[in-house]
Amino acid sequence: MKNLGEIKDLNQRLHFFSAINDSAKDAARFSVKDNICVKGFEARAGSKILSGYVPPFDATCVERMAKKGYNFIGKTVMDEFGFGSFGVNTDVQARNPFDEKRVAGGSSSGAAVATAVLKDHIAISESTGGSISNPASFCGVVGFTPTYGTVSRYGLIDYANSLDKIGLMARSSEEIRKAFDIIRGADRYDTTCTENGITDSKKKKLVVIDQLMHGIDDGILASFEALLAKLEGMGYKVERTSLDFIDKAIPAYYIISMAEASTNLAKYTGYKYGRQLDAFTKKYNEFFTEAREVFGMEAKRRIVLGTFVRSASVKERYYTKALKVRALLANKLSELMKDAFVISPTMPIMAPKIDEAAELPPLQAYAMDSLTIPPNLTGLPHVSFPYDYLKGMPVGAQLVTTHFNDYALLDFVGKWEKSFDYKFKYNL
Amino acid sequence: MKIGLEVHVAIPTKSKLFCACSTSADEPNSSICPICMGFPGSKPMLNKAAIEYALSVSAALHCKTGKATSFVRKVYFYPDLPKSYQITQLQDAIGFGGYVELEKKKIGIRRIQLEEDPAKIIREDNYTLIDFNRSGVPLLEIVTEPDIASQDELREFVNELRSILYYLGFDIEREIKADLNISVADARVEVKNVNGIRNLVDAAQHEIRRQEDLHSKKQKIVAETRSYNEKTLRTESSREKESDEEYGFIYEPDLTVYQIKPKKLAKPIYAGIIARELAGGTGQLKKTVLDLIQFDSRALELFEHARGKWPLQSIINVVEVLNKYGAKDIGMAHFEKLLDVARAGTPISKQVLEQVKKGVKVEISEVSSAEVDREIKEIIRKNSHLLKEYEKNPKVFNFIVGDVAKKLKANPKEVSERLRGILEKGFKG
Ligand SMILES: [Zn+2]
């Protein structure tokens, strides 16, 4: 890359890359979130416990991009294993290019920053409960999370397998569409990935769910109303509706994601890959307990809670019930979206300052995902797109549609982009 | 007394349950990949051949199978488990509610499930080695109802089960691994990880004796997990206390629910039932036949070929001889010759076997049954005292047989069968 030096300098300040591919070519660049494997590059997923893990294989999406001539330029930083909404739950914290004292969002923090500072670049990122929409919105880029099961997860270091979706960030819907067509489609290495035909069923109606509009920052609320007015001007019909049940989404999401995460994190025992201990004289229980000390606080919290909610005596009350909530909510939302998109702001707040975010109590931090969790929990495709700048910071809106109608989202953003000017501070 | 079993057998697929690695590598840690090592980023992909084997076993054990089957994660920390969870089955296991038919009763099969084998742990004096070649090998776990009531039944059950598996293509040379549940009184004691049939029967014997002893002394039998020590021949209380509470089963989110399509399955063979049919009963003769065919498909082929056309005893004789000389691959035409030789009462020596194989004619004295009958009746008529003596002294029977066989150069066994028939019909001379 011609501007490799500049990128490295900026990375010193904004911390978006955890590794840079020095030999990458200039054109058609793509970056990869650090929880997705690129052969020969350390994959830490933001965790110290994976220090030194160099996967011997490429993730399917990485292999497919490379085959089509895209050039891998680096791994992007993230919250440890995706556990976070602000990119602060890790040792290297990305900074927002619009205001370096503020967070970039999370957990795909580095991916969003990279997209906001690099031109001609696609970020392969991943969302479990909002990890694409959230940072895309804070950093003013387009963040697309496809229907669960359309992009192979082979090579993704698991957070919660039934919720994890590999998706994309870019500076336009057009670039996303091109990359989406490359990485999607059945893969024998991921049983849950299917070859479903993606549709482009355009909707003229936009539904705003009342319950999602509670607790939203006043400034964001006002600008969102202005967005709706503009969209009405473009010919869309806006409708308000109530969906009580959507309040169950956050608890159901955290129960399922923590239950699965606690099983996924069990494999890190300190002797096969990643952080390795020499203390082979210890008994196994003491040995792996020592290895696991380096998990961050949020990872430890999710292991403990996740182990609890799936233990036999309470499983029915938590885990099994959460699965039922997920199925029911998917039905209710799909029903609601037969002839409409669901639209909302992406985040209820503006990007907070880094030190504020780091001190947020867990329950308040989890509440920040109230808008991104419903589609993520139910595997529905969604896209976050920038629509305004408040006090110099970008704000994003999130559009949701029915399963496999992914193209319709990109089509919508494409139309919106015609009357919207993206602003970027850097164009490296 | 109630004994239940959980038997683990390796499914004879070429590749592992969730990856393409071979199941038959010798050099330690040579058949491994990111999937069976549980590397971050890897995902399981289901080996459909393993499902088919499992379905065949399920049908052979008369189990019911649902429309779909699914997997769960069983979480526990042990160095042989690369992911620290085992992918196994629970609610939607492959089969439910079947049975295995023994001579006198049926043993219920509660559940049949597919799961991955952990790696192999090799313990040395002051270090431990792990061979991941075994990690991910498909296993079938067969769980019985506590229907087994004695060690004899235990042995009979295990052998019948192994025989069924053998005829479905399983490698029964691989040691069988099992957990035993034994309750002499009320408390259920689990004896975990017993390897091999002999150890299984021994472990059961020792555990039964231990429980009976406690019971007779009116001491409490603790419901617990024990292990069998092959050296001391005793079961010992285990310290591990894992329970379903801690396993924290969740469904396996990396594998979708697998839809089972109706398919033609391998036809099961029940050696016990076949042996009973051939022998026409359940006595020593059945046992002899069963010993020959239980784990020997070629022997079964030979029996099926000759069945009804030659006397059973002749078939047994020839198969035993062929076993002795390792010659069961003999062609059917030659096999038939040998059966003729056997029926005529000529002992089959190695020389006779070679002659038949080379197509050299073997001199056999053909004696018809009618001739034998005539001679028997003749002797009885001439020596009318024989019948009276026979009532007091059964040895007279053998005297008559010997006499006739010698005179006609006939097979003594055939002569004795004819004689018995004649006496049963009430022949009085
Ligand atoms: Zn493998």
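The values are calculated or read from the model by the stated rules, or taken from the named source; none is laboratory data. Quick caveat, the model's predicted, so the values are computed rather than measured. Because the Cβ atoms are built from the backbone with ideal geometry, glycine has one as well, and the counts that use them run over all protein chains shown. These area figures cover heavy atoms from the full protein model, side chains too; ligands, DNA and RNA do not enter into them. Shrake-Rupley method; radii C 1.70, N 1.55, O 1.52, S 1.80 Å.
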The residue from B:246, B:175, B:160 that alone is in the same structural domain as residue B:114 (by TED's automatic domain parsing), open to solvent by 30 Å² or more (accessible area, probe 1.4 Å) and touching a Gly at 6+ places or on another chain (Cβ under 6 Å) is B:175
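Restricting the range B:17-29 to residues that are modelled with pLDDT of 95 or more and farther than 23 Å from residue A:274 by Cβ, which is nearest to the ligand (Cβ to nearest atom)? Break it down stepwise before answering.
Quick first cut of the range B:17-29, residues modelled with pLDDT of 95 or more only: B:17-23, B:27-29.
Filter once more, so that each one left must be farther than 23 Å from residue A:274 by Cβ: B:17, B:20, B:22-23, B:27.
On the way: B:17: 10, B:20: 7, B:22: 9, B:23: 10, B:27: 15 Å.
This residue is B:20.
Can you tell me which residues in the range A:161-200 are more than 14 Å from every other protein chain (Cβ to nearest Cβ) and acidic (Asp, Glu)? Give the steps one after another, and end with the answer.
Here is the first cut: in the range A:161-200, the residues more than 14 Å from every other protein chain (Cβ to nearest Cβ) are A:167-185, A:197-200.
Of everything in the range A:161-200, those that are more than 14 Å from every other protein chain (Cβ to nearest Cβ) and acidic (Asp, Glu) turn out to be A:174, A:175, A:181, A:200.
Which one of these is part of a loop (DSSP other than H, G, I, E, B), touching a Phe, Trp or Tyr at 6+ places or on another chain (Cβ under 9 Å), within 12 Å of chain B (Cβ to nearest Cβ) and among the charged types (D, E, K, R): A:272, A:203? Reasoning before the result, please.
Numbers: A:203 fails: within 12 Å of chain B (Cβ to nearest Cβ).
Residue meeting the stated conditions: A:272.
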Looking across the range B:135-190 at residues that are in a strand (DSSP E or B) and without any contact (Cβ under 8 Å) to a residue 60 or more places away in the chain, the single one that is nearest to the ligand (Cβ to nearest atom) is B:190
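Would you call residue B:43 within 9 Å of chain A (Cβ to nearest Cβ) and within 15 Å of the ligand (Cβ to nearest atom)? If you could, list the steps in order and put the result at the bottom.
On the way: within 9 Å of chain A (Cβ to nearest Cβ): yes; within 15 Å of the ligand (Cβ to nearest atom): yes.
Taking the combined requirement at face value, the residue satisfies it.
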Just one listed residue, out of B:188, B:210, B:198, is more than 14 Å from every other protein chain (Cβ to nearest Cβ), within 30 Å of residue B:297 (Cβ to Cβ), out of contact with any Gly (no Cβ under 6 Å at 6 or more places or on another chain) and open to solvent by 50 Å² or more (accessible area, probe 1.4 Å), and it is B:198
Among B:10, B:59, the single one that is farther than 29 Å from residue A:157 by Cβ and within 16 Å of the ligand (Cβ to nearest atom) is B:10
Among (1) in contact with a Lys or Arg (Cβ under 6 Å, 6 or more places away or on another chain); (2) under 27 Å from residue B:162 (Cα atoms); (3) within 14 Å of chain A (Cβ to nearest Cβ), residue B:85 falls short only on (2)
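When you go through B:87, B:107 one by one, which is the residue that is under 23 Å from the mean Cα position of the chain (by Cα) and not small (Gly, Ala, Ser)?
Working: B:87 fails: under 23 Å from the mean Cα position of the chain (by Cα).
When all the criteria are applied, what remains is B:107.
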Any chance the range A:299-313 includes a residue that's under 19 Å from residue A:109 (Cβ atoms), under 22 Å from the mean Cα position of the chain (by Cα) and buried (at least 19 other Cβ atoms within 10 Å of the Cβ)? yes
Considering residues that are assigned to a loop (DSSP other than H, G, I, E, B) and buried (at least 24 other Cβ atoms within 10 Å of the Cβ), the number found within the range A:66-87 is 8
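Which residues, counting only those in the range A:254-285, are in contact with a Leu (Cβ under 6 Å, 6 or more places away or on another chain) and more than 18 Å from residue B:128 (Cα to Cα)?
Applying the first criterion (in contact with a Leu (Cβ under 6 Å, 6 or more places away or on another chain)) to the range A:254-285 yields A:257-258, A:270, A:274.
Answer for the range A:254-285, where residues must be in contact with a Leu (Cβ under 6 Å, 6 or more places away or on another chain) and more than 18 Å from residue B:128 (Cα to Cα): A:257, A:258, A:274.
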Within the range A:30-65, of all residues that are more than 14 Å from every other protein chain (Cβ to nearest Cβ) and open to solvent by less than 10 Å² (accessible area, probe 1.4 Å), the one farthest from residue A:113 (Cα to Cα) is A:65
By my count, strands (runs of 3 or more DSSP E) wholly in the range B:5-102 with at least 1 residues that are touching an Asp or Glu at 6+ places or on another chain (Cβ under 9 Å) and open to solvent by 30 Å² or more (accessible area, probe 1.4 Å) are B:72-75, B:95-101
Regarding residue B:329, is this residue farther than 29 Å from residue B:372 by Cβ, touching a helix residue (DSSP H, G or I) at 6+ places or on another chain (Cβ under 9 Å) and modelled with pLDDT of 95 or more?
no
Filtering the range B:113-134 for residues that are aromatic (Phe, Trp, Tyr) and away from the ligand (no atom under 16 Å from the Cβ) leaves a count of 1
